[in-house]
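K.L.:
My questions all concern the structure below.
The values are calculated or read from the model by the stated rules, or taken from the named source; none is laboratory data. Remember, it's a predicted structure, so these values are computed and weren't measured experimentally. Please note: Cβ atoms are built from the backbone with ideal geometry, for glycine as well, and neighbour counts cover all protein chains shown.
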Amino acid sequence: MTAMKPNLSATDAMRRRTRRFIFIALTVAALAFVVIAAGGINDNLVYYWTPSDLRASGDKAYGATIRLGGMVKTGSIRHQSGTTGVEFDVNDANAVVHVKSSGVPPQMFRDNIGVVVEGTMTRDGTFESHRLMVSHNNQYKAPKAGHTMDKQELEKLMRSTEGL
């Protein structure tokens with residue numbers, strides 16, 4: 001009596017198909033990676049810099065889309081006549097950057113508030129912004145029941161909301 005041999009050809013064919021599928025899938029994935037990497041994905045990145053970072057970057061800052069974050073320098077806000085734009089200075093502990101924003105500033109925009117502006121640095125040293133966002137605390141604390149506001153507290157509140 002002869003022993004039956006297992007059907008090796010069906011198993012071998014299945015292994016070859018699996019190997020071929022894996023090879024094709026890896027090749028397609030590698031090609032997709034190369035296309036994405038070579039396609040200028042770096043052009044779509046937006047960097048977040050402080051005024052010090054921007055000043056230290058030199059030529060790398062020109063033409064790149066950047067989000068500049070810092071504080072609005074006190075007394076630097078100038079509304080552009082005849083347009084909705086505004087000019088102001090953004091500073092951190094070590095540097096100041098002059099910003100020209102073409103959009104309408106948010107209602108909370110004022111001196112000494114944290115801002116993030118998105119745009120590009122120009123060769124003349126001005127940051128041209130097309131997007132202006134203010135940084136604020138979203139927490140609201142209601143006064144305690146029966147709390148009366150005295151004149152000093154009211155004046156402090158009014159000073160903190162000037163320009164809104």
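Okay, residues lined up against (1) exposed (fewer than 15 other Cβ atoms within 10 Å of the Cβ); (2) at pLDDT 85 or above; (3) in a helix (DSSP H, G or I):
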| position | (1), (2), (3) |
| --- | --- |
| Val28 | yes, yes, yes |
| Tyr48 | yes, no, no |
| Met71 | no, yes, no |
| Thr84 | yes, no, no |
| Glu87 | no, yes, no |
| Arg110 | no, yes, no |
| Val115 | no, yes, no |
| Phe127 | no, yes, no |
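K.L.:
So is Arg15 assigned to a helix (DSSP H, G or I) and among the basic types (Lys, Arg) or not? Let's see the steps before the verdict.
P.N.:
Details: assigned to a helix (DSSP H, G or I): yes; among the basic types (Lys, Arg): yes.
Considered against the rule, which asks whether it is assigned to a helix (DSSP H, G or I) and among the basic types (Lys, Arg), Arg15 comes out as yes.
K.L.:
Separate question: Restricting to region 93-120, count the residues that are more than 11 Å from Met133 (Cα to Cα) and under 15 Å from the mean Cα position of the chain (by Cα).
P.N.:
2
K.L.:
Looking only at region 89-102, how many residues end up being small (Gly, Ala, Ser) and buried (at least 16 other Cβ atoms within 10 Å of the Cβ)? Step through it out loud before you land on a result.
P.N.:
Residues of region 89-102 that are small (Gly, Ala, Ser), as a first pass: 93, 95, 101-102.
Filter once more, keeping what is buried (at least 16 other Cβ atoms within 10 Å of the Cβ): 101.
Number of matching residues: 1.
K.L.:
If you don't mind, there's one more thing I want to ask. Whether any residue in region 32-42 is surrounded by 11 or more Cβ atoms within 10 Å (Cβ to Cβ), modelled with pLDDT under 90 and within 27 Å of His130 (Cα to Cα) is what I want to check.
P.N.:
First, pick out the residues of region 32-42 that are surrounded by 11 or more Cβ atoms within 10 Å (Cβ to Cβ): none.
Taking every residue of region 32-42 in turn, none turns out to be surrounded by 11 or more Cβ atoms within 10 Å (Cβ to Cβ), modelled with pLDDT under 90 and within 27 Å of His130 (Cα to Cα).
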